[in-house]
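> The following block contains the structure, expressed as structure tokens.
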Amino acid sequence: WDEMSWLEKTMWLEHNRPANAKSVSIRSLKLGAGINDANYCVSPKLSKSRTVCPAYVAWSNVIIRCYDNNYHAKKPTYIGVKLCDEWHKFSSFREWWIKNHVDGYEIDKDILGDGTIYSPDSCVFVPRWLNTFTIDSGSARGDNPIGVYFNKEHGKLRAQCANPIRGCQDYLGSFDNPYEAFAAWRNRKLELAIELKPRMDEVDERIYHGVVRIINSSR
């Protein structure tokens, strides 16, 4: 089991652990929104330990991001994010997941969409470095523009940009004006996007344009 891919695991469960009437009867709505309509057991016991279908884990995580108030308290940027109607049913999400997932990749809703909904049209699986490249760390930067922070020791605004190519932060200089510091961040971010385009295209040719849109709309 441990050596199976995620796809192999979900297909194995479907063919080897069919749901019975009793297991179906005790299912309930997940966070009042998600319907588990799988025709197999999504979390059976295998060799004394319980395992969970990878497709179901991915679907559950999306449900939590959309409808779990405790999660929203920790991640307020997810307040108001919705799940498309068809993905309220696990079987519909699973069908998309089987066709699109890549082991080790993460579901992103912002690059192809506007960040407000999880749906087949707005979601894409991306490697972690790409997901991190587009994240706006609003809670960390405070009131400053993205990529800008105040250095108390020098009394200056500094700009820096995460560089996934080198695996470090690019220091972009010190500034008196936050808008100049932000412009330095945006220009460097766009330069990196161009350098990373071949790698983005290997994942999905739609990604580069979405990343550029996100960078240009950042504040």
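The values are calculated or read from the model by the stated rules, or taken from the named source; none is laboratory data. Bear in mind the structure is a predicted one, so any value in this text is a computation, not a measurement. With ideal geometry, Cβ positions are generated from the backbone for all residues, glycine too; neighbour counts draw on all protein chains shown. Just the protein is used for accessible areas: all its heavy atoms, side chains included, with ligands, DNA and RNA removed. Shrake-Rupley method; radii C 1.70, N 1.55, O 1.52, S 1.80 Å.
> When averaged across all projection directions, what area in nm² does the alpha-carbon convex hull of the stretch 171-219 cover? Display every interim value, and only then the final one.
Numbers: hull surface 14.2 nm².
Its average projected convex-hull area is 3.5 nm².
> Please report the carbon-and-sulfur percent of the accessible area for the stretch 54-161; probe 1.4 Å, protein heavy atoms only, DNA, RNA and ligands left out. It would help to have the intermediate numbers written out before the result.
Values: 2650 of 5610 Å².
Carbon and sulfur atoms account for 47 percent of the accessible area of the stretch 54-161.
> I would also like to ask the following. For the stretch 1-96, what is the charge dipole size about the Cα centre, in debye to the nearest 20, if Lys and Arg each add +1 at the Cβ and Asp and Glu each add -1 at the Cβ?
Numbers: 14 positive and 9 negative charges, 88 e Å.
The dipole magnitude comes to about 420 debye.
> I've got another one for you. Could you compute the FRET efficiency for Trp12 and Glu86, with r as their C-beta to C-beta distance and R0 at 30 Å, rounded to 0.05?
Values: r = 25 Å, r/R0 = 0.84.
Here the calculated transfer efficiency is 0.75.
> Find the centroid of the Cα atoms in the stretch 153-219 and in the stretch 66-117, then give the distance between the two in whole Å.
25
> Next up: Listed here are the pairs Lys30/Lys109; Lys22/Lys89; Lys75/Lys156; Lys9/Lys48; Lys30/Lys74; which of them are more than 25 Å apart at the Cα?
Values: Lys30/Lys109 21 Å; Lys22/Lys89 20 Å; Lys75/Lys156 30 Å; Lys9/Lys48 17 Å; Lys30/Lys74 20 Å.
From the list (Lys30/Lys109; Lys22/Lys89; Lys75/Lys156; Lys9/Lys48; Lys30/Lys74), the Cα-Cα distance tops 25 Å for Lys75/Lys156.
> Below 8 Å between Cα atoms, with a sequence gap of 6+, how large is the relative contact order for the chain in percent? It would help to have the intermediate numbers written out before the result.
Details: 279 pairs, mean separation 26.4, N = 219.
Across the chain, relative contact order equals 12 percent.
> Let me ask something else about it. How big is the Kirkwood radius of the chain, worked out from every pair of different alpha carbons and given in Å to one decimal? Let's see the in-between values first.
Numbers: mean 1/r = 0.0507 Å⁻¹.
Its Kirkwood hydrodynamic radius stands at 19.7 Å.
> With a bin width of 10 angstrom, please list the P(r) values of the stretch 44-108 as percents of all Cα-Cα pairs, from the 0 bin to the one holding the largest distance.
Over the stretch 44-108, the share of Cα pairs per 10 Å bin runs 19, 43, 32, 6, 0 percent.
> Contour minus end-to-end for Thr132 and Glu95, with contour as 0.36 nm per residue of separation and end-to-end as the Cα-Cα distance?
Numbers: separation 37, 0.36 × 37 = 13.32 nm, distance 2.64 nm.
Extra length from Thr132 to Glu95 when fully extended: 10.7 nm.
> Cα extents of the stretch 96-203 along the three principal axes, largest first, in whole Å?
Between the extreme Cα coordinates on each principal axis of the stretch 96-203 lie 52, 27, 19 Å.
> How much length, in nm to one decimal, is gained on full extension between Trp1 and Val102, taken as 0.36 nm per residue of separation minus their Cα-Cα distance?
On the way: separation 101, 0.36 × 101 = 36.36 nm, distance 1.77 nm.
Full extension from Trp1 to Val102 adds 34.6 nm.
> Assuming R0 = 22 Å, can you tell me the calculated FRET efficiency for the pair Arg166 and Ser217, based on Cβ-Cβ distance, to the nearest 0.05? Intermediate results must be reported in sequence, preceding the final value.
On the way: r = 25 Å, r/R0 = 1.15.
The pair Arg166/Ser217 has a calculated efficiency of 0.30.
> With point charges of +1 on the Cβ of Lys and Arg and -1 on the Cβ of Asp and Glu, referenced to the Cα centre of the chain, which listed residue (Ser5, Gln160, Phe175) lies farthest in the positive direction of the dipole?
Ser5
> Treat every Asp and Glu Cβ in the chain as -1 and every Lys and Arg Cβ as +1, leave all other atoms uncharged, and give the resulting dipole magnitude about the Cα centre to the nearest 20 debye. Walk me through the numbers on the way to the answer.
Values: 30 positive and 27 negative charges, 155 e Å.
Taking the Cα centre of the chain as origin, the dipole is about 740 debye.
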